[in-house]
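The structure appears right after this line, and notes come after that.
The values are calculated or read from the model by the stated rules, or taken from the named source; none is laboratory data. Quantities reported herein were computed from a predicted structural model and do not represent experimental measurements. To get the accessible areas, we keep the full protein, side chains included, count just its heavy atoms, and leave off ligands, DNA and RNA. Shrake-Rupley method; radii C 1.70, N 1.55, O 1.52, S 1.80 Å.
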There are 2 protein chains.
Amino acid sequence: MSKPMELEDVTAPVCCAPLSTSDLGEAEAVELAGVFKALADPIRLRLLNMIASAEDGEACVCDLTVPFDLTAPTISHHLKVLRQAGLIDGERRGTWVYYRVIPERLTRLSGLFALPALATA
Amino acid sequence: MSKPMELEDVTAPVCCAPLSTSDLGEAEAVELAGVFKALADPIRLRLLNMIASAEDGEACVCDLTVPFDLTAPTISHHLKVLRQAGLIDGERRGTWVYYRVIPERLTRLSGLFALPALATA
């Protein structure tokens with residue numbers, strides 16, 4: 001007998017209620033620090049920006065190298081860091097890899113910095 | 001003749017519309033990367049959490065050292081990094097320094113990760 005299909009609530013954050021209203025545990029702090037380390041680089045921020053703002057919600061790696069005076073392997077390294085941090089995902093189709101953001105992760109970060117005064121205003 | 005008082009709109013972000021809807025410039029990316037570097041440390045994240053969630057909106061440095069097995073100078077260093085990143089501010093009153101978050105900066109970070117689908121839902 002097959003198990004009933006479970007609907008996973010992917011919008012439910014693994015952690016993080018707002019920093020202003022909850023206690024951040026040690027393990028959560030370590031995990032989040034890793035995400036911010038991935039974001040602590042101007043090239044990676046601009047890549048994330050390009051992917052997040054891409055038409056159709058996805059960006060071809062072939063377009064991501066254009067604005068930077070960097071080699072393809074360097075761009076690939078930065079994309080790998082963003083991917084390992086859970087911020088983006090990539091799918092190979094033919095010659096190229098297409099990247100899109102993982103919305104739950106961005107929403108989680110957005111919520112982390114939300115302030116109660118704004119939430120209840 | 002004195003200049004008319006100018007009301008500064010401190011809620012206006014220096015940069016950052018959402019990553020998903022705007023183009024992040026090089027200078028903005030460099031500045032933001034610095035903020036995320038400050039956040040890329042578990043101790044600093046927990047300190048920011050303690051300050052952001054403190055009653056009355058401020059936390060005495062005398063309370064911030066308690067949960068950590070770290071020396072006061074180490075905690076002070078981490079607080080200095082958060083302060084230099086513009087995330088917190090401190091005020092000396094008597095023996096102790098009292099810290100509070102800078103709400104505009106947290107709101108700006110929250111907005112940076114906002115997604116249009118959520119904003120228009």
A:Ser53 - accessible surface, heavy atoms, 1.4 Å probe, Å² rounded to 10:
40
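Over all pairs of distinct alpha carbons, what does the Kirkwood formula give as the hydrodynamic radius of the range A:26-112, in Å?
13.3
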